[in-house]
Amino acid sequence: MSLNLALTPPMGWNSWNTFGSKINQAAVRETADALVATGLAALGYVYVVIDDFWEADERVDGKLTWNPETFPSGIPALADYVHGKGLKFGIYSCAGTHTCGGKPASYRYEDVDARTFAEWGVDFLKYDFCFHPPGASGPASYRRMGRALRASGRDIVFSLCNWGFDELPKWARSVGGHLWRTTGDIKDNWSSIYDIGFRRQRDLAAYAGPGGWNDPDMLVLGMRGRGNDEVIQGSEGQGCTDEEYQSHFALWCMQAAPLMIGADIRNLDLVSLSILSNKELIAVNQDPLGIQASCIGAHRNVEIWTKQLADGDVAVGFFNTGTDQRSKTPVSWESIGLPDGAECRVRNIVTGEDRGVWTHNYNSGPMAPHGCEVVRICKPSLR
Ligand code: GLA
């Protein structure tokens, strides 16, 4: 067993946002194919995770099994298919007696279910919190599954989904969690991104680091209002502008959040694919120091988030949360831990534009409403 799981935030795809209860084996295979064909797999998006609704309505001989109509070839064959593409395979269960969709779940079946998942070739388990018996301890239930996974003989990333209840970030790592949801479900609109991404992650940076990550939920980037009916309903899922999707991705990268794509990868538009494929932003997300960005202040609706990187560079994100165009938002070297007067090269890693050498502070370029700029400020060279 490896202790080195999720040393950087997991990247991949999850079926929920697009497919909801309509997930089936063809969609999973086609998504695995598309991850490879689009080049996303080569960039690190390797976990293919099936969310709720893969399960049959009843256990068979005390074990979970798949819905034979939607997964006729079975889950082990699907795991083999995904592994054959060089990808990793994830599945979903719940700490309660039933999943959020009402299917059988793992409360008091943790050992047998963990063994079943390991036998099937599962590499990642998302573990939800519906139908948890009143009065039972949530942390204890998560701890039981964490132990069972460790005893299963297979390396399985443990993704906790109790929506941040019971002060989850404080104990998630100690029960074996590698990532943990900090909020309720994200929707495909700016106000949801704003609430979850900008407001609700602010005080959580101390809990993130190699092996354990705050999870502000899956990306809605690229969904364009085409989400599943269960979560992304009506006006709540009307989609976002290109600038809003770009800011959403940049913020999740700065916050060292798991990058789980929720869109339909088989039908991704080119703008969304190019946002997801930004190697310099991915490198910030996957930086080995594993620091989650902190907000150091705001200047006329532009929030400034900073993240120290392993090579001494500093990433600074300017996020225009207002509805007017903004430019020239200043950030001083002093406020980001660089020596005043140091000559530092600045690169806009959203556009790839070199912004030149600055010595005391940096002023952002123009930003559209809800747009952003992320710069990498290079560590001053010693002379
Ligand atoms: C909960 C979770 C979602 C999804 C659904 C599945 O709402 O928060 O992410 O897994 O359950 O039923």
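Of all the criteria given as (1) under 30 Å from Arg147 (Cβ atoms); (2) free of Cβ contacts under 8 Å to residues at least 60 places away in the same chain, the one not satisfied by Trp213 is (2).
Within the range 86-122, if we keep just the residues that are in a strand (DSSP E or B) and among the small types (Gly, Ala, Ser), the residue that is farthest from the ligand (Cβ to nearest atom) turns out to be Gly90.
Conditions tested, residue by residue: (1) modelled with pLDDT under 95; (2) crowded, with 21+ Cβ neighbours inside 10 Å; (3) under 21 Å from Cys253 (Cβ atoms).
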{"residue": "Trp305", "(1), (2), (3)": "no, yes, yes"}
{"residue": "Gln308", "(1), (2), (3)": "no, no, yes"}
{"residue": "Thr329", "(1), (2), (3)": "no, yes, yes"}
{"residue": "Trp333", "(1), (2), (3)": "no, no, no"}
{"residue": "Gly337", "(1), (2), (3)": "yes, no, yes"}
{"residue": "Tyr362", "(1), (2), (3)": "no, yes, yes"}
{"residue": "Ala368", "(1), (2), (3)": "no, no, yes"}
{"residue": "Val375", "(1), (2), (3)": "no, yes, yes"}
{"residue": "Cys378", "(1), (2), (3)": "yes, no, yes"}
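Gly153 fulfils the conditions (1) touching a residue at least 60 places away in the same chain (Cβ under 8 Å); (2) closer than 26 Å to Gly20 by Cα except for a single criterion, (2). Scanning the range 123-155 for residues that are in a loop (DSSP other than H, G, I, E, B) and away from the ligand (no atom under 16 Å from the Cβ) gives Asp123, Pro133, Pro134, Gly135, Ala136, Ser137, Ser152, Gly153, Arg154, Asp155. Scanning the range 187-223 for residues that are out of contact with any Leu (no Cβ under 8 Å at 6 or more places or on another chain), outside any helix (DSSP H, G or I), within 16 Å of the ligand (Cβ to nearest atom) and closer than 19 Å to Leu168 by Cβ turns up Arg200, Pro216, Asp217, Met218. Among the criteria (1) over 21 Å from Asn285 (Cα atoms); (2) out of contact with any Asp or Glu (no Cβ under 8 Å at 6 or more places or on another chain); (3) among the charged types (D, E, K, R), the one Asp313 does not fulfil is (1).
Taken over the range 124-140, the residue count meeting the criterion of being buried (at least 23 other Cβ atoms within 10 Å of the Cβ) and in contact with an Asp or Glu (Cβ under 8 Å, 6 or more places away or on another chain) is 2. Kindly indicate the residue of the range 10-38 that is more than 13 Å from the ligand (Cβ to nearest atom) and under 17 Å from Leu219 (Cβ atoms) and also surrounded by the most Cβ atoms within 10 Å (Cβ to Cβ) among those meeting that condition. Filtering the range 10-38 for residues that are more than 13 Å from the ligand (Cβ to nearest atom) and under 17 Å from Leu219 (Cβ atoms), the one surrounded by the most Cβ atoms within 10 Å (Cβ to Cβ) comes out as Trp13.
Inside the range 89-124, can you point out the residues that are more than 26 Å from Phe165 (Cα to Cα) and among the hydroxyl-bearing types (Ser, Thr, Tyr)? Residue satisfying the conditions is Thr116 alone. A Cβ distance below 7 Å, combined with a sequence gap of six or more or placement on separate chains, defines the contacts here; from the range 179-196, residues that are under 16 Å from Arg226 (Cα atoms) reach residues that are outside any loop (DSSP other than H, G, I, E, B) and away from the ligand (no atom under 16 Å from the Cβ) in the pairs Trp190/Glu244.
Being in a loop (DSSP other than H, G, I, E, B) and free of Cβ contacts under 8 Å to residues at least 60 places away in the same chain is the filter; apply it to the range 5-39 and report the residue that is nearest to the chain's Cα centre (by Cα). Residue satisfying both the conditions and the ranking: Ser15. Go through the residues of the range 170-177 one by one and say whether even a single one is under 17 Å from Asn14 (Cβ atoms) and surrounded by 24 or more Cβ atoms within 10 Å (Cβ to Cβ). Within the range 170-177, one or more residues are under 17 Å from Asn14 (Cβ atoms) and surrounded by 24 or more Cβ atoms within 10 Å (Cβ to Cβ).
The values are calculated or read from the model by the stated rules, or taken from the named source; none is laboratory data. Note that this is a predicted model, so its numbers are computed, not measured. A quick note on method: Cβ atoms are made from the backbone with ideal geometry, for glycine too, and the neighbour counts reach across all protein chains shown.
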